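What follows is a set of notes on a single structure, which appears directly below.
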Amino acid sequence: MVSKFIPNHSFTVSQRFFAEKLLELVHRKTLDSYRVRLHNPKSILSELAKVLSDFKRNKIKSFEITVAPVILEAIKIINQERGLCFDVISKPFLIKALSEAISTKKIEILLHSLNLLINSNQNYAEKLIDLIYSEITEIDTRELPINAQDFSGLNTLCDYFISELLQIGFAKNYLHQLFWKLFKENGEPTFDIGFRFINSLTKREEESYDVIFRFTTVSANPKLPQLDFIDKFLLNNVEKNKIKEYSADSGKYFLKDSPNRYYLKITCSGLDYISVIGKAKTQLNTILDYSHIGFPELSIHISNEILVIGTLSPEKSKIHRLEYRLDGNFKNSKTVYDSFTERLQSINQNPFIANETKNKLYSAFRNLRLGWDASEMEQKFLHYWIGMEYLFANADIGENTVKRMKDYFVKCDVVYYTRRNFYNFHQDIQRLDLSNSLPNYDDEGRYISDKHTFDYIEREHLRSKPLLAFRANRYGEKISKERNLKESIVSHKENLEYHLARIYRIRNEIIHEAAIHMEISTVTSNVRYYLVFILNLFLDYFSQNPIDIDGSGQITIDDCLLYYEIQYKLLEMNSFKFTNCMNVKGFTEVFM
């Protein structure tokens, strides 16, 4: 839930839900369970078509490891989909083709069917926004009283819609800024005006932007050599003087010139002024790569400030930060550092913990830092992945590292999945300043195990905070109907297994093909979270009287993994009962 956001007071309950949901989906600090998902029904089919095509051309070798998980995920998503147009082939035909591909590994009919279906859904974003408007209208005009469950369809459609906007090229940060501006208390005067603007996004054409980079040269001879492929991008004084007149930011950008300071203009097209920054940076990297050949000692320092100028409205030109901001929220304080070093010292001084285990932890922390500091998204991704992969490697038993990661990591995550999500709800209550309004509230969060808490929130806050009420309804049902909780845990486990298979495929494509992925930012955020989570888990286990579970004579990472495998099997044996999931021995989230 996004704190400090107050929707326009004139909105209906369903309009409030829509505004709150859209902001939550694109807010970078939102819990990953509630951020926009990587895929919607259309995009999972597009990904599957590419994977099948690569498998057909022998670019992908393993059907079971790489192809099957995408097919299984597609079956799961298509069974629940809304909004796809099945005019050429039917949904039952598609499900049958997907299922047969799993059992027979014959993919031709499925691949051809996917291409037909993708072609029939070019206007998927437009279809979704129409369905959303119909859903909002239906809720607002019904005669029966509104309850939180009525928002279930709208909740799903919003997720599909934002996922599609990202797929067609909008930047998540741009959407966040836009939604906040449109729907805040003093935003657009009516919901319809704001909604029409969002509707127009589905029809927006790309605009041409000039992205200006500022850089300085540092070397024994700081003068930039004359190179054709650089010279054609450099701004001359006439161009600089013209750009200075566009806006206050554009004038400020060119202050403090010096002999070894240069300005380079890259023109590219995009749907918004933030999405073009990444495209321009990719072109800039190519220029720098080429300049390195012949002038390896020429050091070029790129400023972290860039100027973005839209050709349609140059007067809106603005300075932006040249940085990649990943999704996720992590602690940042001296208290965090002190807690971390205290646990690390305990591990270092424990003679029973294997040196290899200590070295793996050091390596993972190093790769976490290197990933954080890396300037390119692919570098970040690889550092986080290397940190993860080395932690789960075990040469002594000869088991596939990625298989071990999928097996053990998923179980570790599932053990704390329920606690984490319910505790996040407790944090939402604090973020929204509702602590004093709950009759049974306590700072430790014991009240979130009481079904009456969620009934009260759903009843009292449905009209003022409908997204919170909707989530309270979902959590309340997980307490009263434990089948719902088990189904959500099993579904989460499946999704995590599918996503780890995807991440491993992307890792291979980056390493072996130098591929650039549109969704690299999302999966990099995921891998960073996975690395931070497992490091917190290991740090807590090894600093709290760890046990040599496998009887090897030393305490190793395998002992920790075996401990959590046992915890997982205990929960599974008892059908993931709510009380058992909430009573799992907690671990200290040192820096999460």
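Numbers for the structure displayed
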item	result
Farthest toward positive dipole pole in the chain [+1 Lys/Arg, -1 Asp/Glu at C-beta], among 191, 285, 395	285
Among 468, 447, 427 - extreme Cα towards positive end, dipole of the range 427-486, charges at beta-carbon	468
Å² per residue, accessible surface of the range 1-144 at 1.4 Å	46 Å²
For residue 353, distant residues with modelled amide H under 5 Å away	555
Computed over the chain, Cα set: Rg, Dmax in Å	26.0, 78
Members of 106/172; 403/486; 96/465; 334/451; 406/478; 56/91 lying beyond 30 Å, as alpha-carbon distances in this model show	106/172; 96/465; 334/451
Range of Cα positions in the range 289-400 per principal axis (Å), largest first	65, 41, 30
Cα-based shape type of the range 378-425, given that a ≥ b ≥ c are square roots of the gyration tensor eigenvalues and the cut on a/c is 1.5	oblate
Cα gyration tensor of the range 480-592 - equivalent ellipsoid semi-axes, whole Å, descending	29, 22, 13
Modelled FRET efficiency - R0 56 Å, residue 192 with residue 303, Cβ distances, 0.05 increments	0.85
Positive-end extreme of charge dipole, the range 133-270 - chosen from 269, 213, 180 (charges on Cβ)	213
FRET efficiency estimate (nearest 0.05) - Cβ-Cβ, residue 137 to residue 370, R0 30 angstrom	0.05
Two-site label geometry, residue 115 and residue 451: point separation in nm, points 7 Å out along Cα→Cβ	5.4 nm
The range 192-204 - phi-based ³J(HN,Hα) in whole Hz, Karplus 6.51/-1.76/1.60, Gly and Pro as x	4, 5, x, 5, 4, 5, 5, 4, 5, 4, 5, 10, 5
The range 43-76: trypsin sites (Lys or Arg not before Pro) in DSSP loop, at most 15 other beta carbons within 10 Å	57, 59, 61
Label-point separation, residue 333 to residue 85 (7 Å along Cα→Cβ), nm	5.3 nm
Dipole magnitude (debye, nearest 20) for the chain, charges at Cβ of Lys, Arg, Asp, Glu	480 debye
Test item: Cα-centred dipole of the range 24-176, Lys/Arg +1 and Asp/Glu -1 on Cβ, debye	880 debye
Contact order relative to length of the range 302-444, as percent, for alpha carbon pairs under 8 angstrom and 6 or more apart	11 percent
Residues of the range 335-459: accessible area per residue with a 1.4 Å probe, Å²	49 Å²
Phi to ³J(HN,Hα) by Karplus 6.51 cos²θ - 1.76 cosθ + 1.60 over the range 90-100, Hz, x for Gly, Pro	8, 4, x, 5, 5, 4, 5, 5, 5, 5, 5
Neighbour-limited loop hits for trypsin sites (Lys or Arg not before Pro), the range 95-179 (at most 14 other Cβ within 10 Å; DSSP other than H, G, I, E, B)	105, 106, 142
Given charges at beta-carbon only (K, R positive; D, E negative), |dipole| of the range 271-403 in Debye	340 debye
Lysines with Cα under 27 Å of residue 240, excluding same-chain neighbours fewer than 8 positions away	223, 232, 252, 256, 265, 279, 281, 316, 318
Solvent-accessible area, 1.4 Å probe, carbon plus sulfur percent, for the chain	50 percent
Computed E for residue 323/residue 208 - FRET, C-beta separation, R0 30 angstrom, nearest 0.05	0.80
Chymotrypsin sites (Phe, Trp or Tyr not before Pro) within the range 80-134: DSSP coil, no more than 16 neighbouring Cβ in 10 Å	86
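The values are calculated or read from the model by the stated rules, or taken from the named source; none is laboratory data. Bear in mind that the values here come from a model prediction, so they are computed numbers and not experimental data. Cβ: placed from backbone, ideal geometry, glycine included. Neighbour counts: every protein chain shown. Side chains are part of the model used for accessible areas, which takes the heavy atoms of the whole protein and leaves out ligands, DNA and RNA. Shrake-Rupley method; radii C 1.70, N 1.55, O 1.52, S 1.80 Å.
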